[in-house]
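Accompanying notes for the structure given below.
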Amino acid sequence: MIKVVLDACVLYPAPLRDVLLSVARVGCFSPYWSDLINDEWTRNLLANRTDLKLKDLARTTKTMNGSFPGASCSGFEDLIETLNLPDKDDRHVLALAIQTESTFIVTNNVKDFPAKILSVYGIKAIKADDFFEHLIVNEGMELLLVEALAHQRARLKFPPIGVKEFIDTIENQGLKKCGKRLRLKALSL
C-alpha cells in the first residue's frame, strides 16, 4: 500500500482532512502524521478560529489516531537536524516521510519540498488533488475513491448535504480535478 505523510496544511481544513481520511479508510493509502504535525495544524486552527476549543481538536486527533493505528509516528526526530529544506520548520515532515518510507508528502506547499532534495529519498511532494489523480490514473482506484467519498457524504447528517453541495465543497478545498471526476460520477454519490 502507498505510504503517505499528510502535512499540517492538508489536515487544517476539516473538509479536506475528512476527504483524505475517508479515502485512506477504504485502503487507498496508509496515512502518517506526528505529534509535531498535529500540534501545528491544531495550533493554527485555534489561532484562527476562536469558536473552536482545544479539547475538541484533541478529540479529533485522538479519533484520527484511534482510526488509524500506527499512523501517528515518532522516532524520526534525530533525522531533522540532518536535513536541509528551504523552510527549516518543514524538516520534521521530511524526516517522518523518510522514517516511514513514504512515497508522498501530501501538502499544499509543494515549493517548500524541492523535488531535487526529496528524490534522493524516493519521496515526492504532491498536492492533494494531484495525489487523488495519481490514485485514480496510476493505481486504478477510481471506484474505491468514489465509494469512499459517497460514504463520507452519507455520514454528513447534521445537516445532510446534497451531491452538488458536496462536490462544491470538495472543489473549494482545491480538489478541482477530483470534483470534475465526481461530477461525472454524481449518480454514484
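The values are calculated or read from the model by the stated rules, or taken from the named source; none is laboratory data. From a predicted model like this one, the values you see are computed outputs, not experimental measurements. Cβ sites come from the backbone with ideal geometry, for glycine too, and all protein chains shown count toward neighbours.
Of everything in the stretch 99-146 that is among the hydroxyl-bearing types (Ser, Thr, Tyr) and within 17 Å of the chain's Cα centre (by Cα), the residue that is surrounded by the fewest Cβ atoms within 10 Å (Cβ to Cβ) is 103.
Among the residues here, residue 139 qualifies as within 24 Å of residue 104 (Cβ to Cβ) and either aromatic (Phe, Trp, Tyr) or outside any helix (DSSP H, G or I) (or both). Note on the stretch 55-82: residues that are more than 13 Å from residue 94 (Cα to Cα), loosely packed, with under 13 Cβ neighbours inside 10 Å and in contact with a strand residue (DSSP E or B) (Cβ under 9 Å, 6 or more places away or on another chain) total 1.
Of the helices (runs of 4 or more DSSP H) lying entirely inside the stretch 1-48, those carrying at least 3 residues that are surrounded by fewer than 19 Cβ atoms within 10 Å (Cβ to Cβ) are 14-25, 35-48.
Which residues, taken from the stretch 149-189, are among the hydrophobic types (A, V, I, L, M, F, W, C) and assigned to a helix (DSSP H, G or I)? If you could, list the steps in order and put the result at the bottom.
Here is the first cut: in the stretch 149-189, the ones among the hydrophobic types (A, V, I, L, M, F, W, C) are 149-150, 154, 156, 158, 161, 163, 166-167, 170, 175, 178, 182, 184, 186-187, 189.
Once the filter is applied, which keeps residues that are among the hydrophobic types (A, V, I, L, M, F, W, C) and assigned to a helix (DSSP H, G or I), the stretch 149-189 yields 149, 150, 154, 163, 166, 167, 170, 178, 182, 184, 186, 187.
Taking the numbered list (1) closer than 30 Å to residue 84 by Cβ; (2) buried (at least 16 other Cβ atoms within 10 Å of the Cβ); (3) not basic (Lys, Arg) in turn, residue 179 passes all entries but (1). Pick from the stretch 1-23 the residues that are among the small types (Gly, Ala, Ser) and more than 9 Å from the chain's Cα centre (by Cα): which of them is farthest from residue 58 (Cα to Cα)? This residue is 22.
When you look at residue 107, is it out of contact with any Phe, Trp or Tyr (no Cβ under 9 Å at 6 or more places or on another chain) and closer than 16 Å to residue 10 by Cα, yes or no?
When the stated conditions are applied, residue 107 does not pass them.
Only one entry in 76, 113, 104 is at pLDDT 95 or above, within 20 Å of residue 26 (Cα to Cα), not small (Gly, Ala, Ser) and not assigned by TED's automatic domain parsing to the domain that holds residue 162, namely 104.
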